[in-house]
Amino acid sequence: MLHINPNRLLNDLDELARIGATADGGVSRLAFSAEDVAGRAWFEARVREAGLHYDRDGAANQSAVLPCANPAAPTFVVGSHLDTVPNGGRYDGALGVLAALEALRTIREAGLELPVHLEAINFTDEEGTILGEFGSFALTGYLTDDKLATPRGGREALIEGMDRLGIDFLSAKEARRRPSTLAGFLELHIEQGTRLEQAGIAIGAVTSIVGIRSFWLTFVGEAAHAGTRPLDERKDALWGAADFIQQARHMVRERFHPGVVNFGQIAAVPGAFNIVPAEVQLALEFRHGTEDHLNEMEIYLLSLAEQVARANHLTVRIDPVSHCTAAPSDERMVRAIVQAADQLGLSHQRLMSFAGHDTQTMSLITPSAMIFVPCEAGISHNPREKCAEQDILNGANVLLQALLIAAT
Ligand SMILES: [Zn+2]
């Protein structure tokens, strides 16, 4: 069975981690920054050195390409992102790109003839320094004018950053590819959670990337004197919100496992020690792996809010904020990962990703899935992010085998 070259991959990870290295062992290689430019130049040199074809599209996505004999064949893409969050870790993204490059080098050296072209990709700005999943949105045709008009890092920063990478709005749109030119997509990534580590499992086959829905809930009661109004006669909006938080947490745990719910912000109005809160605005966000589950969660959570409001002599106003669709993996790709892990004698488990990745965008136009490997204590987006050598090598070998299974 074909295996990747362990020392070459580990050495690549070490070298790349020096670009943008921070004093505490982390990495700051923000998309569009000088460090990003340096990391990209380093990656390009590795691709050329390996005798692979180097390509860069109008969104500055960088690729190593190993063509097959048939020019009309579709391309199977593997990869992730080389950009990091500020003071992030060495493995988030980098592992997926460098393991993809290593898989292609290994296949090339073995002289394997596949029926598809292979491509190892570094997606631009996955982390959202300026826009988030910029490269995969461009490649899939989802880089809309809306997204370009109001990037979270600001339009000026986007224009300046694109200029630094030698791209512009027009070229970014031209990075779009037709689904018929693609054979599939696989991404290797650290789990950024503790499920694999706690279960002692080597490989996670990601069945879905969760969808996210968020709402503002405004509980409305009546302001009153905090001393003179008897407790039983109050219409305290915060009591309603607090009740709702407790009951919603219980409900999601009991009924919607492994779905999650969060209340990330709360504000009481008028907001004083001596006034019973008249209004409370509560940020509600919940996540699950399928749209069916999300629909059911939405019905249950919003009707619970209404029920709790009534029980507390309040009303509740519900304002939708955002809606990010769940991205189920392609079952054939998931089975390829499971089969690859079996062939390598590695334990595996199916699980959902509760964080966003380029895979969710790629899954909109081509059969896609992700491979997770454990990372220590689930720590990520942190200089202390750590992926054990054995897990790095396991993940890269599963990526290689799964690619060979899925591409043939
Ligand atoms: Zn990542």
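The values are calculated or read from the model by the stated rules, or taken from the named source; none is laboratory data. The structure displayed is predicted, hence computed values, not measured ones. For neighbour counting, all protein chains shown are included, and Cβ atoms are generated from backbone atoms with ideal geometry for every residue, glycine included. Each accessible area value is taken on the protein alone, full model and side chains, heavy atoms only, with ligands, DNA and RNA left out. Shrake-Rupley method; radii C 1.70, N 1.55, O 1.52, S 1.80 Å.
Rg and Dmax of the chain, based on Cα coordinates, read 23.9, 85 Å. The average projected area of segment 259-321, computed from the convex hull of its Cα atoms over all directions, is 5.0 nm².
What does the charge add up to near Glu279, with Lys and Arg as +1, Asp and Glu as -1, over the other residues with Cβ less than 12 Å from its Cβ? Write out the running numbers ahead of the final one.
Details: positive: Lys235, Arg317; negative: Glu222, Asp236.
That works out to 0.
Working note: Karplus 6.51/-1.76/1.60 with θ = phi - 60° gives segment 61-74 the couplings 5, 9, 9, 9, 10, 10, x, 9, 5, 9, x, 7, 5, x Hz, where Gly and Pro are set to x. How would you classify segment 80-152 from its alpha-carbon gyration tensor, with a ≥ b ≥ c the square roots of the eigenvalues: rounded for a/c under 1.5, else prolate if a/b is greater than b/c, otherwise oblate? It comes out oblate by the Cα gyration axes.
Diagonalise the Cα gyration tensor of segment 218-329 and give the resulting equivalent ellipsoid semi-axes, square root of 5 times each eigenvalue, largest first, whole Å.
On the way: eigenvalues 187, 34, 22 Å².
Taking √(5λ) for each eigenvalue gives 31, 13, 11 Å, largest first.
Using a ≥ b ≥ c from the Cα gyration tensor of segment 125-266 (square roots of the eigenvalues), is it rounded, prolate or oblate, where a/c under 1.5 gives rounded and otherwise the larger of a/b and b/c decides, a/b for prolate?
Working: a/c = 3.29, a/b = 1.67, b/c = 1.97.
Oblate shape, in that a/c is at least 1.5 and b/c is the bigger or equal ratio.
Beta bridges assigned by DSSP with both partners in the chain are antiparallel in approximately 70 percent of cases. Annotation: lysines with alpha-carbon distance below 17 angstrom to Lys173 (same-chain offsets under eight excluded): Lys147. Taking θ as phi - 60° and the Karplus parameters 6.51, -1.76 and 1.60, the scalar couplings of segment 264-279 work out to x, 7, 8, 9, 9, 10, x, x, 9, 4, 9, 10, 5, x, 8, 9 Hz in sequence order, x denoting glycine and proline. When its C-alpha radius of gyration is set against 2.2 N^0.38 Å (N residues), segment 29-113 gives a value of 1.15. Considering segment 52-189, its Cα convex hull presents a mean projected area of 8.4 nm². The share of accessible area on segment 211-324 that comes from carbon and sulfur is 52 percent, using a 1.4 angstrom probe. Relative to the dominant Cα principal axis of the chain, helix 389-407 is inclined by about 70°.
A 1.4 Å probe run over the protein chains yields, for the chain, 43 Å² of accessible area per residue, whole-number rounding.
For the chain, the longest principal axis of the C-alpha atoms and the axis of helix 291-311 are separated by about 20°. In degrees, nearest 10, range 0 to 90: what is the angle between the Cα axis of helix 34-49 and the longest Cα principal axis of the chain? The angle comes out at about 30 degrees.
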